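Since the structure comes first, as structure tokens, the remarks are kept for the end.
Quick note: the coordinates plus some simple rules give every number you see, no bench work behind them. This is a predicted model, so every value here is computed, not measured. Methodologically, a virtual Cβ is constructed for each residue, glycine included, from the backbone with ideal geometry; neighbour enumeration extends over all protein chains shown.
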Amino acid sequence: MVLKNKGIPCEFAKLKKVGDVLEKSYDEDGELEKEIFHIKFTNNIISDIEIHFGGLEAWQEQLEKTPYTTIRQTLAFALRKTPVETGDVMLDGELMMYSNIIGTAWAVANGVDPIMASQMLKSSIGLADE
């Protein structure tokens, strides 16, 4: 469920430290362990996006031109992690999910009711699955 003050719940890979390196963590059955982080756009995060991409319109253009790089960087701002750390926790094959999460978080930041945003997210996930 989307909550305005908490953000959009989003799955990421859980990491564990192996020596000096962080690696994705797997359970005893070999399944990737996941954790939930909430993505929301605060004034600081929106400002970081503006500065990094040269404005919000440029950010939206980059989302189309270089989706992997732009989504990773956007999530890095939201998670307060480096882009490399963010890329490490992103689930493989889930770029569309992350794109939908960013779109929903953006909608909430711009005043869309969280209940309506939840419905939009469910619809977009359903369309992506098709």
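Within the listed set Thr86, Thr69, Thr104, the Gaussian network model of the chain (springs between alpha-carbon atoms below 10 Å) gives the highest mean-square fluctuation for Thr69.
Fully extended, how many nm does the chain gain between Leu32 and Val18 (0.36 nm per residue separation, minus their Cα-Cα distance)?
Values: separation 14, 0.36 × 14 = 5.04 nm, distance 1.56 nm.
Taking 0.36 nm per residue and subtracting the Cα distance, the gain is 3.5 nm.
Could you work out, for the chain, what percent of all Cα-Cα pairs fall into each 5 Å distance bin, beginning at 0 Å and stopping at the bin that holds the largest distance? Cα pair-distance distribution for the chain, in percent: 2, 11, 19, 22, 21, 14, 7, 3, 1, 0. Using a cut-off of 21 Å between alpha-carbon atoms, which lysines can reach Lys14, once sequence neighbours fewer than 8 places away in the same chain are excluded? By straight Cα distance, Lys14 reaches Lys6, Lys24, Lys34, Lys40, Lys81.
First measure r as the distance between the Cβ atoms of Glu85 and Gln60, then evaluate 1/(1 + (r/R0)^6) with R0 = 22 Å and state the FRET efficiency to the nearest 0.05. Before the final figure, lay out the partial values.
Values: r = 24 Å, r/R0 = 1.11.
Using R0 = 22 Å, I get an efficiency of 0.35.
Normalised by the number of residues in the chain, the average gap of Cα pairs under 8 Å and 6 or more apart makes the relative contact order 28 percent. For the chain, take the longest principal axis of its alpha carbons; what is the angle in degrees between that and the long axis of helix 67-79, to the nearest 10 within 0 to 90? Its long axis makes an angle of about 90 degrees. Rounded to the nearest 20 debye, the dipole size of the chain about its Cα centre is 520 debye, using +1 on the Cβ of Lys and Arg and -1 on the Cβ of Asp and Glu.
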